[in-house]
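To start, the structure itself, in structure tokens.
The numbers here are math on the coordinates, done by the rules we state, and not lab data. This structure is a prediction, so every number in the text was calculated from the model and none was measured. Backbone-built Cβ (ideal geometry, glycine too); neighbour counts: all protein chains shown.
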Amino acid sequence: MTEAPIHAVTGAFGYSGKYIAQRLLAQGQPTITLTNSTDRANAFGGRLRIYPFHFDRPDELARSLQGVEVLYNTYWVRFNHPLFRHADAVRNTLVLFEAAKRAGVARIVQVSITNPSEDSPLEYFSGKAQLERALIESGLSYAILRPTVLFGKEDILINNIAWLLRRLPIFGVFGDGAYKLQPIYVDDLAALAVVQGAARENAIINAIGPETFTYREMVGTIGRLIGARRPVIGMPPAVGYWVGRAVGALVGDVTITHEEIAGLMANLLYVDAQPAGATALSAWIATHADTLGRRYTSELARRQDRVAAYRSN
């Protein structure tokens, strides 16, 4: 009997990678994960083989990928920090692509971002564009998924907006708040990734959800649905940044960066495309209104603690 081909997911103990791995395992698909957090608690119960990334040992990384047919890559960093940088993530991902090619991986499903551009002054968007080009030029079969904001039980952005709304008398947005977002449910992204893993035609897909909000509308919707309506006021971006820095100092996290503000205000999290996901953010919030934003979710805590499982909000 021919054994089923192996699929590999980066970061299956994290956020989007977990949902992709769950869907693959539910299909009976033999699945491995590559991760920086080999000891992180997880709910897979030994159903996944676990390999360290070994970016500094490309031969070992390639051996980890022997027999893998499809690689789903969610590896990335949200912002620059002394512990991790976008440039490191780009370099490491290029090593991963080369290792996959050497190992005979047939297809890569790459999670990117809307509106990537190598000319962008924002490293998040230029780095993602550089990786898209490298994958396209690799000769491997590929699917590139371009989500905007993800939401789900382990979410950071939506949860922490709700956390602030529950605690502050007003909520400030950068400028007029008229820039747009198209959030996609993390499991809808995972479903799309698995479908694309089974395909072989090259594809670039804007992985957006069914609702489009201005940032101001999204904040107002979250507040209304969790029972924490607040006046939403515009403020100069520099003021909003320093307010975010102050909140970050209180909770020991990076809540917002200059680059994230610039990307939002440049409408880089909006595209004119058909939705790829079916789950509406507003419906999901209504279902989770009692728990959303009750606790702050820290990006840095997740990065620094490589043992604790990601907490659901």
| the range 2-31-the range 74-133 distance, computed between alpha-carbon centres (Å) | 20 Å
| query | Using the Cβ atoms and a cut-off under 9 Å, what net charge is assigned to the surroundings of VAL77, where Lys and Arg are +1 and Asp and Glu are -1? | reply | +2
| remark: With the dipole of the chain defined by +1 on each Lys or Arg Cβ and -1 on each Asp or Glu Cβ, the option from ALA238, ALA87, ALA309 whose Cα lies farthest towards the positive pole is ALA309
| note | So ARG63 and ASP39, fully extended at 0.36 nm per residue minus their Cα-Cα distance, gain in nm 6.6 nm
| query | What GluC sites (Glu not before Pro) in the range 172-234 are in a loop by DSSP, with at most 13 other Cβ atoms within 10 Å of the Cβ? | reply | GLU201
| note | Note to self, the chain gives a 222 nm [θ] from helices alone (DSSP H runs n ≥ 4, -39500 (n - 2.57) apiece, / all residues, nearest 500) of -12000 deg cm²/dmol
| Kirkwood Rh, Cα Rg: Rg to Rh for the chain? | 0.96
| message | From the convex hull of the Cα coordinates of the range 156-260, what is the mean projected area in square nanometres? | response | 8.1 nm²
| query | Most fluctuating residue of ALA100, ALA228, ALA43 in a GNM of the chain with Cα springs under 10 Å: which is it? | reply | ALA43
| field | Pairs of Cα atoms farther than 16 Å apart, the range 1-78, % | value | 46 percent
| Under a point spin-label approximation (7 Å from Cα along Cα-to-Cβ), what is the ALA309-ALA289 distance to one decimal in nm? | 2.8 nm
| Looking at the chain, what % of its DSSP beta bridges pair antiparallel, to the nearest 5? | 10 percent
| message | Let me check I have the definition right: for the range 59-186, take the eigenvalues of the Cα gyration tensor, multiply each by 5, take square roots. What are those semi-axes in whole Å, largest first? | response | 33, 16, 14
| task | Calculate the spin-label point distance for GLU98 paired with ILE233, positioning each point 7 Å from the Cα along the beta-carbon direction, and give it in nanometres. | result | 5.3 nm
| request: Report Rg/Rh for the range 135-215, rounded to two decimals, where Rg is the Cα radius of gyration and Rh the Kirkwood radius. | output: 1.11
| Between the range 168-183 and the range 199-240, what is the C-alpha centre distance in whole Å? | 8 Å
| field | Over the range 242-313, volume per residue of the alpha carbon convex hull, in Å³ | value | 152 Å³
| remark: Highest GNM mean-square fluctuation among TYR241, TYR142, TYR185, for the chain with Cα springs under 10 Å, belongs to TYR241
